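What follows is one structure encoded as structure tokens, with my remarks underneath.
The values are calculated or read from the model by the stated rules, or taken from the named source; none is laboratory data. Quantities reported herein were computed from a predicted structural model and do not represent experimental measurements. Reconstructed Cβ throughout: ideal geometry from the backbone, glycine too, with neighbour counts over all protein chains shown. Heavy atoms of the whole protein, side chains included, go into the accessibility calculation; ligands, DNA and RNA do not. Shrake-Rupley method; radii C 1.70, N 1.55, O 1.52, S 1.80 Å.
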Amino acid sequence: MPSNTQTTTRVVPDENGRFGAFGGKFVPETLMNALYELEAAFEEARRDPQFVAELNELLSKYAGRPTPLTHAERLTEALGGAQIYLKREDLNHTGAHKLNNALGQALLAKRMGKKAIIAETGAGQHGVASATVAAKLGLSCKVFMGEEDIRRQSLNVFRMNLLGAEVIPAVSGSRTLKDATNEAIRHWVSHVEETFYVIGSVVGPHPYPYMVREFQKIIGEETRQQILQQLGKLPDEVVACVGGGSNAIGMFYPFIQDESVALRGVEAAGKGIETDKHAATLTLGRPGVIHGSLTYLLQDAHGQVQEAHSISAGLDYPGVGPEHAYLKDTGRVTYTSVTDAEALAAVELLCRTEGIIPALESAHAIAEVIKRAPQMSPEKIIVICLSGRGDKDVLTIQEALAERTEGGVA
């Protein structure tokens with residue numbers, strides 16, 4: 001599955017699970033054997049034609065792949081400048097790219113003889129995907145979710161319960177994704193023999209960042225093939241939102257060797273990077289350890305984890321996948337950030353030009369393109385990874401629009 005060749009010359013991750021200086025395994029001793037077992041099982045599975053065929057069958061006939069690559073004609077016309085294309089991961093079964101990885105990991109769990117899976121979730125997309133694959137494959141499922149995110153994503157909580165999963169609230173800290181991940185790791189430490197932890201992004205200890213990338217790179221592989229078929233050339237830019245960074249890595253990785261293609265990751269600037277209410281980890285973070293991995297991390301002067309903020313529950317995370325940290329330092333990917341207000345405006349524009357309600361996560365990538373496309377010539381091509389649909393976010397969007405109107409901004 002992995003090609004492991006990059007223009008940045010190094011093969012990543014290396015045998016120690018490192019992406020340059022980042023990544024690794026920083027976990028309690030009780031989890032080390034589980035990680036070694038997982039690493040061996042994944043390496044064996046990805047080379048097994050039967051496993052690959054079963055996963056491809058599920059991706060095709062259950063998830064609905066390949067997802068379309070669509071020319072956003074009216075959005076392009078509204079902005080002027082570059083031609084904009086959308087990779088429609090929102091059309092996956094369950095409504096987001098998360099299903100690609102959840103199917104792969106759950107299939108691996110079953111192959112390893114595990115009967116139970118656990119997962120953490122912020123926006124609920126990974127929780128719904130995990131609950132879905134657990135039902136499909138006959139596994140029990142517990143989903144850890146911050147109390148604040150349970151409030152923001154009540155529809156997804158109902159969907160998880162309907163699918164047979166138990167949603168366990170995390171009530172510590174900011175009661176968001178970071179705290180849900182803490183609780184999931186604590187549970188895993190106590191139940192490691194019978195439980196498989198389905199991590200939802202390219203974060204955590206090795207082999208998770210590598211394994212999730214391998215399950216998500218189908219996004220970029222399809223996109224690369226589709227744009228060549230449609231236009232006979234590669235895009236000039238590929239843009240994706242970055243929280244933990246799974247949709248972005250999945251989209252970027254097959255383009256890493258294509259030096260003519262600019263890669264741009266978009267973080268959440270929240271209420272502004274000049275405030276303390278943001279989730280711009282790669283923009284303002286420093287290297288540190290979070291959830292078993294060395295990466296860029298929002299932290300205070302004492303090295304304590306700083307709470308993140310974003311209107312998008314899926315981007316509200318103070319860390320980032322270690323491969324993104326590596327790609328930032330090598331300069332292969334440019335990382336920027338957009339605010340809550342800019343993301344909200346992007347939701348409105350995509351709704352009214354293309355008839356698509358994007359997830360608030362995806363809206364950050366759209367907001368960046370709203371800034372960039374008008375500055376480019378009509379011959380240029382930008383592809384946006386539309387990582388998920390916005391049904392789950394409509395109440396948050398409704399509240400934010402009402403606040404904006406009451407504040408006299410509209």
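Side notes on the structure shown:
- Under the combined filter of DSSP loop state and at most 11 neighbouring Cβ atoms within 10 Å, region 15-82 retains these trypsin sites (Lys or Arg not before Pro): Arg47.
- Here the dipole of the chain is about 580 debye; that uses its Cα centre as origin and unit charges on the Cβ of Lys and Arg (positive) and Asp and Glu (negative).
- Spin-label zone in region 308-322 - amide nitrogen under 17 Å from a point set 7 Å from the Cα of Asn16 along the C-beta vector: 322
- In this structure, Val289 and Thr334 have a Cβ-Cβ separation that, at R0 = 25 Å, corresponds to a calculated FRET efficiency of about 0.50.
- Projecting the Cα atoms of Ser377, Leu38, Leu55 onto the dipole axis of the chain, where Lys and Arg carry +1 and Asp and Glu carry -1 at the beta carbon, places Leu55 farthest toward the positive end.
- Alpha carbon centroid spacing (whole Å) that separates region 190-226 from region 34-64: 11 Å
- Value of relative contact order over region 158-295, rounded to a whole percent, pairs C-alpha under 8 Å and six or more apart: 19 percent
- Ranking of Ile273, Ile168 by solvent-accessible surface, largest first: Ile273, Ile168 (1.4 Å probe, protein heavy atoms only, all chains present).
- Accessible surface of the chain, 1.4 Å probe, proportion on carbon and sulfur as whole %: 50 percent
- Of His309, His97, the order by accessible heavy-atom surface (1.4 Å probe, DNA, RNA and ligands excluded), from most exposed downward, is His309, His97.
- Accessible surface comparison of Phe22, Phe158, probe 1.4 Å, protein chains only, largest first: the order is Phe158, Phe22.
- For Arg186 and His71, the difference between the fully extended length at 0.36 nm per residue and the C-alpha to C-alpha distance is 36.9 nm.
- Probe 1.4 Å - accessible area at Tyr317, Å² to nearest ten: 10 Å²
- Gaussian network model of the chain, Cα within-10 Å springs - most flexible of Gln83, Gln216, Gln304: Gln304
- The charge dipole of region 309-410, taken about the Cα centre with unit charges on the Cβ atoms of Lys, Arg (+1) and Asp, Glu (-1), comes to about 380 debye, rounded to the nearest 20.
- Set against the labelled values [x] 293; [y] 130; [z] 147, volume of the Cα convex hull per residue in Å³ computed from this structure falls on [y].
- Here each label is just a point 7 Å from Cα along the line to Cβ, and for Glu43 and Ser260 those points are 3.7 nm apart.
- Linear extension gain, Glu29 paired with Arg404, 0.36 nm per residue minus alpha-carbon span: 130.1 nm
- In this structure, the pairs whose alpha-carbon distance is over 28 Å, taken from Lys61/Lys328; Lys98/Lys178; Lys25/Lys61; Lys178/Lys392; Lys233/Lys271, are Lys61/Lys328; Lys25/Lys61; Lys233/Lys271.
- Highest mobility in the GNM of the chain, judged by mean-square fluctuation with C-alpha springs under 10 Å and restricted to Gly245, Gly64, Gly314, is found for Gly64.
- The mean sequence separation of alpha-carbon pairs under 8 Å and at least six residues apart, normalised by the residue count of region 337-382, gives a relative contact order of 39 percent.
- Entry comment: accessible area of region 252-305 is 41 Å² per residue, from protein heavy atoms only and a probe of 1.4 Å.
- In percent, rounded to a whole number, the relative contact order of the chain is 20, using alpha-carbon pairs under 8 Å and six or more apart.
- Positive-end residue of His364, Asn161, Leu294, charge dipole of the chain with Cβ unit charges: Asn161
- Placing unit charges on the Cβ atoms of the charged side chains and taking the dipole of the chain about its Cα centre, the candidate lying farthest along the positive direction among Asn101, Thr275, Ala345 is Asn101.
- The stretch between Leu162 and Val394 holds 81.5 nm of extra length on full extension. This uses 0.36 nm per residue minus the Cα-Cα distance.
- Spacing of the modelled spin labels on Thr275 and Asp300, each 7 Å from Cα toward Cβ, amounts to 1.9 nm.
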